[in-house]
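Throughout, read-outs are computed from the coordinates displayed, never taken from laboratory work. Since the model is a prediction, treat every value here as computed from it, not as a measurement. Cβ sites come from the backbone with ideal geometry, for glycine too, and all protein chains shown count toward neighbours.
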Amino acid sequence: MKKEKPPAAPDRNFMSRCLSLAILGRPSPNPFVGSAVVFANRIVGEGFHHAAGKPHAEVEAMREVKRKYGTMASHILSSSALYVSLEPCNHQGRQPPCTKAIIDAKIPRVVFAMKDPNPKAKGGAGALRKAGVNVSMAGRELEAKAKAINAPFVHRIRTGRAYVTLKMAISKDRKVAGGPKDSPYISSPESLRAVHLMRDKAQAIMVGIGTIKADNPRLTCRMKGGHDPLRVIVDPRLEIDEKARALKNKNALVVCMKKAVERKRKKLAHLRSRRIEVFFAQKESGGRLALGENGGHLALGPLLSHLAQIGIDHVLLEGGPRLASDMLRQRLVDEMVLFHSPKIIGGENDRKLAGPIRHIMREGRANRRLSLPCGSDRAAFSVLGKENAPFWPAFFAKE
Ligand SMILES: NC(=O)c1ccc[n+]([C@@H]2O[C@H](COP(=O)([O-])OP(=O)(O)OC[C@H]3O[C@@H](n4cnc5c(N)ncnc54)[C@H](OP(=O)(O)O)[C@@H]3O)[C@@H](O)[C@H]2O)c1
């Protein structure tokens, strides 16, 4: 096989800049994309895809050239190279095709990092070449980095399901809860900050009823300018207290067994009257989700397909250990971020949780790709799905 030549140093630097720009966006269900216009070996315009429905990264970068250089812009663009972390799109969606904008601006050279996996949008490189543009890719290493920051997007396109990151904090003595009252958190302040960044970048948080009962968490993103994700609560017997903090605003979805709603029709009606979605297992549920039941537990794959259909491509599975271990058993976890704390909590281990915690740690170790310091903790990243590299390290490194 022909060996690919590594990209020249300037190509690498310009594309690395595109990747750093890309992760500033909140583009779901679209991919993270960054772009730079390079004239005479210098970046003269840059941009990224901020959000679905907003202009694409290439257009943002070209607009910056126009803002900065006014009447000179068309001359500059027609002698520049455009770097972009994803193959320019070739279809009319909520935004016009980027290929057309590039051809109209007479940009002679385009370098991109990864091909567009979306069957609706792909084919941009071919269309540009046909119009006489010199198009190349930036090499394997940068392609891998671009794919890593778009692992949830690629996964959703490939499988039709939302990508799941299991996140959990574990103490040195393998506990997940139970710190002293004056310092109840297992994690370092840096890890806690990282969790809010994770809640901002994922579009849904998923927990089991055990966690709601034990901690009554708000499950919000408390980062400046952050967005609250959808809260998904797995509650097989519909035990949730209607005053639970996680149900405070209506952006919540409770998943339970059919038996439970048959017994608790009043509670179901009351939750739905508050516009809290309640899904339960049955084949035909009036437009609602059809979930299978298996050995007294729900088969949660269809839930992830439903989330993908409503535009959620990334779910942060925050536990607790029993739900997390069950999701691992169902092979529905794609990535793990385990925050290993040096703290010792002490006391007896909860017998119900010991087995699931061992299972989670075993899977984490077996599939680990790298670990990074997070204050006094270590964040360990593992990949379980087909995507090759973990999504989160690029975001942690930016912190
Ligand atoms: N350190 C951390 O990062 C972290 C994060 C979250 C929670 N926690 C701690 O974890 C503890 C709670 O853990 P937990 O394991 O008891 O709670 P959990 O995992 O949040 O919830 C357990 C519940 O989920 C149900 N469940 C799990 N998989 C299911 C499926 N496929 N279908 C239907 N139901 C399913 C279980 O049903 P069954 O009863 O039928 O088995 C059980 O009722 C708390 O102490 C909390 O503070 C720690």
> Of I310, P31, G53, whose Cα points farthest to the positive end of the dipole of the chain (charges on the beta-carbon: +1 Lys, Arg; -1 Asp, Glu; origin at the Cα centre)?
Replying inline: I310
>> For a Förster distance of 30 Å, can you work out the FRET efficiency between the beta-carbons of M72 and N13, rounded to the nearest 0.05?
In response: 0.80
> Who wins for biggest fluctuation among R322, R378, R351 in a Gaussian network model of the chain, springs between alpha carbons below 10 Å?
Replying inline: R351
>> If you filter the range 181-283 for chymotrypsin sites (Phe, Trp or Tyr not before Pro), then keep DSSP loop positions with at most 15 other Cβ within 10 Å, what is left?
In response: Y185
>> For the chain, what does the convex hull of the Cα positions come to per residue, in cubic angstrom?
In response: 167 Å³
> Taking the chain as a Gaussian network, where each spring joins two C-alpha atoms under 10 Å apart, which residue of A324, A73, A389 fluctuates the most?
Replying inline: A73
> Mean separation of Cα pairs under 8 Å and 6+ residues apart, divided by the residue count of the range 60-154: what relative contact order is that in percent?
Replying inline: 26 percent
> Using the Cα gyration tensor of the range 1-142, with a ≥ b ≥ c the square roots of its eigenvalues, what is the shape: rounded (a/c below 1.5), prolate (a/b larger than b/c) or oblate (neither)?
Replying inline: rounded
> Mean residue ellipticity at 222 nm from the helices of the chain, using -39,500 (n - 2.57) per DSSP H segment of n ≥ 4 over the full residue count, to the nearest 500 deg cm²/dmol?
Replying inline: -10000 deg cm²/dmol
>> Using a 7 Å offset from the Cα along the Cα-to-Cβ direction at both R263 and D228, what is the distance between the two label points in nm, to one decimal?
In response: 3.0 nm
> Among L197, L353, L338, which one moves the most in a GNM of the chain with springs linking Cα atoms closer than 10 Å?
Replying inline: L353
> Which percent, to the nearest 5, of DSSP beta bridges fully inside the chain are antiparallel?
Replying inline: 40 percent
> Could you give the distance between the Cα centres of the range 309-332 and the range 12-90, to the whole Å?
Replying inline: 34 Å
> Which lysines have a Cα lying under 22 Å from the Cα of K122, excluding residues fewer than 8 positions away in the same chain?
Replying inline: K54, K100, K106, K130, K145, K147, K386
